[in-house]
Amino acid sequence: MSQTVYGIDLGTTYSAISMINEFGTADVIENMEGDNTTPSVVYFEDESNFVVGKEAKNSQKVYPDDTISLVKRLMGEKRELSFQGTTHTPESISALILRQLVEEANEQLEEDVNDVVITVPAYFGLVEKEATRTAGEIAGLNVKGIIAEPVAAAISAGFKPGASETVFVYDLGGGTFDCTVMTLSDEGIEVVAVDGDRYLGGADWDEKLFDYVLTTFVEKAGLDEDPADDDQFYQEILSEVESAKKSLTKKRSAKVRCSFGSITEMIEVTREKFEEITKPLVDQTLEIAERTLEAATAKKPNLNVTKYLLVGGSSRMPMISDALENKFGWELTVTEFDLAVAKGAAMYGQGQADFKMLNPEANAGEDKADEPRFYLGGVDSGQGMQINNILSKAVGVLFVDPETRTPHIGHLLNQGETLPAEASITAATLGEGATEISIHLYEQAGEVPSTDVDANKEITPETGATFTNLPQLPQGSPIELYMHVDSEGLLTFKGFEPQSNQELKLKVKVAAMQEDEIQLAKQVVGGLQRSE
């Protein structure tokens, strides 16, 4: 076998790391505390030391200014996060989580592995995917691939070569939610439709339950003050609530012990009450699931889903399977929930690495660059499978309405298009005597495409995309625009102005961080020590 490749599920609330064992199956590697998953929480103990995991999570309320969680929800955003006098970004915080996972795995296995495949939600756009890759780079890792979480889950669910299936993946994690429809066959995996919400996950169920327990306790105890203002009380109840939520997946009721000052009460929560207060959250997931199915059938009218997979730790809640079965009548297939994604990533990464080692000629030539493959059943079976992703966010150009002079986004490539994808359009100059024209590229920001500028985010490189020294073009002069996105999400943009015979060509590495910022982040992260 070639060099080991770790598969990493970089989760919003919990993360996991996996590898292929000597028998060719995927194992999740336990952390130093013996757990399969590690809380995606970072606590900065001082200017030189950091803690990732359970201890960091326990410090979250006591040291809120020095602790961060749910950073995955910030990926791709231009954010400055200050801890212990040092400025960080979502990418550098994620790098610390990745570093912890890999270093602990290497220590456990007495290995020196640096190659990783990292998973991302299916609905992540170009910017978020590149931010995840950047996080791996800052951590000092060799990122062999970025793979969508539902694709990884489908791989780990045991798809057999020779079979042909259409799979719907419902993935409810701790902090994010997405749905994916894909077809699997000997031809490969084709992603048909994706949708999701980066601000919806198990943490929101925790918050609803916390609010209910707190309100009930205050009423029952007759308190005039808010006990949640006390850091120790808040942390204790938060932990109790999370445990109660897990208990309610197996039991009909659970009790939460609330102690404030001299008052102690046991607050009972029934499964029925928990389902009642969180029903709006479940309904949100059902709307997204329905929207995903509609998008898939619009693209492939004769689509017939043969398997429905439940993925993500929060999918364990009985209310989820009940709601899906009641609304859609689905027969659900459970997976390993919060471990499936990491295992699938390891299977993908190791299969790809082994095949390249045994078949170096298979990756020769520029025409193969856009064909990520994984291999099932062992490389000896020769079952090469290509993953055809789709564009999860529409991309386009900033235009101006000639009558109202109102700016809007014209999406050249639409959400849901199969990758690689390309499109071209002939635009026209708005003003008279133009000697310079700047092109601004944008990507859809929300769940649903919109032409409103505020509903999109600019992805133009800092170097810009500008035609200069134009021959005072008259109004209405044509400008030819071309856009291409490859299967890895790299955007190529070309512009051509016929009169001056001038061409713009950009390979847009869409990222919130520039190269100098990445190098600085590497220095900062490299200078921090894991607290033992």
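The values are calculated or read from the model by the stated rules, or taken from the named source; none is laboratory data. None of these values were measured; they are calculated from a predicted model. We place every Cβ from the backbone using ideal geometry, glycine too, and count neighbours over all the protein chains shown. To get the accessible areas, we keep the full protein, side chains included, count just its heavy atoms, and leave off ligands, DNA and RNA. Shrake-Rupley method; radii C 1.70, N 1.55, O 1.52, S 1.80 Å.
Here are some notes:
- Selected residue [within 30 Å of residue 445 (Cα to Cα) and among the hydroxyl-bearing types (Ser, Thr, Tyr)] from 249, 183, 215: 183
- For residue 224: the one exception among (1) under 30 Å from residue 258 (Cβ atoms); (2) in a helix (DSSP H, G or I); (3) out of contact with any strand residue (DSSP E or B) (no Cβ under 6 Å at 6 or more places or on another chain): (2)
- In the stretch 447-468, the qualifying residues are those that are in a helix (DSSP H, G or I) and under 18 Å from residue 198 (Cβ atoms), and the one that is most open to solvent (accessible area, probe 1.4 Å) is 454.
- The one condition in (1) under 20 Å from residue 393 (Cα atoms); (2) in a loop (DSSP other than H, G, I, E, B); (3) open to solvent by 20 Å² or more (accessible area, probe 1.4 Å) that residue 158 fails to fulfil: (1)
- In the stretch 113-123, the count of residues that are at pLDDT 95 or above and more than 24 Å from residue 21 (Cα to Cα) is zero.
- When 218, 213, 181 are screened for being among the β-branched types (Val, Ile, Thr) and closer than 25 Å to residue 293 by Cα, only 181 passes.
- Which numbered condition residue 500 fails, given (1) at pLDDT below 85; (2) outside any loop (DSSP other than H, G, I, E, B): (2)
- Any hit, the stretch 427-440, residues being buried (at least 18 other Cβ atoms within 10 Å of the Cβ), in contact with a Phe, Trp or Tyr (Cβ under 9 Å, 6 or more places away or on another chain) and in a loop (DSSP other than H, G, I, E, B): yes
- Test: residue in the stretch 41-48 that is of a type outside the set (Gly, Ala, Ser) and more than 22 Å from residue 524 (Cβ to Cβ): no
- Residues that are of a type in the set (Gly, Ala, Ser), outside any loop (DSSP other than H, G, I, E, B) and open to solvent by 30 Å² or more (accessible area, probe 1.4 Å) within the stretch 70-102 comprise just one, 82.
- Residue in the stretch 474-482 that is touching a residue at least 40 places away in the same chain (Cβ under 8 Å), within 33 Å of the chain's Cα centre (by Cα) and not in a loop (DSSP other than H, G, I, E, B) present: yes
- Checked against (1) farther than 27 Å from residue 152 by Cα; (2) in contact (Cβ under 8 Å) with a residue 60 or more places away in the chain, residue 259 passes all but condition (2).
- The lone criterion from (1) over 18 Å from the mean Cα position of the chain (by Cα); (2) open to solvent by 30 Å² or more (accessible area, probe 1.4 Å); (3) among the β-branched types (Val, Ile, Thr) left unmet by residue 4 is number (2).
- Checked against (1) polar (S, T, N, Q); (2) over 12 Å from residue 69 (Cα atoms); (3) open to solvent by 70 Å² or more (accessible area, probe 1.4 Å), residue 58 meets all criteria but (2).
- Considering 137, 165, the condition of being within 23 Å of the chain's Cα centre (by Cα) and open to solvent by 10 Å² or more (accessible area, probe 1.4 Å) is satisfied by 137 alone.
- Only a single criterion out of (1) closer than 29 Å to residue 485 by Cα; (2) touching a residue at least 24 places away in the same chain (Cβ under 8 Å); (3) not small (Gly, Ala, Ser) is not satisfied by residue 101, namely (1).
- Residue within the stretch 26-47 that is among the polar types (S, T, N, Q) and without any contact (Cβ under 8 Å) to a residue 40 or more places away in the chain present: no
- Just so you know, in the stretch 265-307 the residues that are open to solvent by 30 Å² or more (accessible area, probe 1.4 Å) and aliphatic (A, V, I, L, M) include one that is nearest to residue 324 (Cα to Cα), and it is 293.
- Just so you know, in the stretch 105-134 the residues that are in contact with a Ser or Thr (Cβ under 8 Å, 6 or more places away or on another chain) and within 23 Å of residue 351 (Cα to Cα) include one that is most open to solvent (accessible area, probe 1.4 Å), and it is 111.
- The residues of the stretch 186-222 that are open to solvent by 30 Å² or more (accessible area, probe 1.4 Å) and over 26 Å from residue 281 (Cβ atoms), listed by number, are 186, 187, 190, 222.
- Looking across 312, 261, one residue alone is open to solvent by 40 Å² or more (accessible area, probe 1.4 Å), at pLDDT below 95 and either of a type outside the set (D, E, K, R) or farther than 18 Å from residue 204 by Cβ (or both). It is 261.
- Qualifying residue in the stretch 128-143 (condition: in contact with a helix residue (DSSP H, G or I) (Cβ under 7 Å, 6 or more places away or on another chain), in a helix (DSSP H, G or I) and free of Cβ contacts under 8 Å to residues at least 40 places away in the same chain): no
- The strands (runs of 3 or more DSSP E) found entirely in the stretch 263-353 that carry 2 or more residues being charged (D, E, K, R) are 263-270.
- Matching residues, the stretch 294-311, being aliphatic (A, V, I, L, M) and either touching a residue at least 60 places away in the same chain (Cβ under 8 Å) or at positive phi (or both): 295, 296, 303, 305, 309, 310, 311
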